[in-house]
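Here's the structure, in structure tokens; my notes come after.
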Amino acid sequence: MKSTDKHRKIIRAATKVFAKKGFFNARISDIAKEAKVADGTIYLYFNNKFDILLSVFEQEIGKLIEHVNLLLAKESSPKTRLEIFITNHLEEMKKNRYLAEVIHIELRQTSKLIREYRKNTFNEYLKIIASIIEQGQEDGIFRKDIQPELARQMVFGALDEISICWHTDNTCPYNIEEMSDQITALFQTGLLVSAAA
């Protein structure tokens with residue numbers, strides 16, 4: 001009988017192992033050892049290592065989507081909603097170091113993952129940014145000449161790059177509030193309809 005708790009335990013262990021060793025260097029036995037289960041147990045839940053990596057994203061990004069949607073539901077202003085998304089993402093990436101490292105490194109390096117995974121949960125996460133921009137355009141607050149699909153990639157790219165600071169540089173001088181304020185200000189200013197218009 002498969003156990004939900006054991007599945008989660010394996011996912012947490014895999015996230016840590018992938019972050020420390022990288023996807024290509026990590027072995028199923030490394031994940032099993034970290035999860036404190038037999039190697040064969042892994043195959044009761046997953047087909048292979050790539051399946052585990054996809055499951056890491058499905059589960060962890062799914063949690064991000066659920067949490068940020070709860071926060072956004074309490075706010076109607078597109079400007080404030082964009083700030084909420086940015087701040088929440090930075091907070092989650094600082095709190096969950098291993099997930100952050102897997103996103104930063106594996107999402108860039110594992111080309112097959114990028115092709116397959118962006119059709120699923122990760123794409124849903126990015127769509128939240130696009131929907132905020134579209135709402136702002138409909139409300140006449142954000143410029144209509146901005147393409148939401150392109151803008152969402154730019155916002156996430158900035159968040160992804162800037163949050164690496166916490167995991168690659170122990171002397172990173174920026175805190176979440178400073179990072180959030182700077183990124184939000186840059187994108188809000190660029191998105192806003194000008195007074196002249």
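Below are the figures for this structure:
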| item | result |
| --- | --- |
| Residues that are aliphatic (A, V, I, L, M), more than 20 Å from the chain's Cα centre (by Cα) and assigned to a helix (DSSP H, G or I), drawn from region 15-56 | Ile28, Ile31, Ala32, Ala35, Ile42, Leu44 |
| Among (1) surrounded by fewer than 16 Cβ atoms within 10 Å (Cβ to Cβ); (2) touching a His at 6+ places or on another chain (Cβ under 8 Å), the one test that Glu75 misses | (2) |
| Wholly within region 95-197, helices (runs of 4 or more DSSP H) carrying at least 1 residues that are modelled with pLDDT of 80 or more and surrounded by fewer than 17 Cβ atoms within 10 Å (Cβ to Cβ) | 97-109, 121-138, 148-168, 176-191 |
| Test set (1) more than 30 Å from Gly136 (Cα to Cα); (2) part of a loop (DSSP other than H, G, I, E, B) - Glu75 fails condition number | (1) |
| Test: residue in region 13-29 that is surrounded by fewer than 17 Cβ atoms within 10 Å (Cβ to Cβ), of a type in the set (A, V, I, L, M, F, W, C) and modelled with pLDDT of 90 or more | no |
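The values are calculated or read from the model by the stated rules, or taken from the named source; none is laboratory data. Predicted, not measured: the structure shown is a model, and the values here were computed from it. Here Cβ is always computed from backbone atoms with ideal geometry, including for glycine, and neighbour counts include all displayed protein chains.
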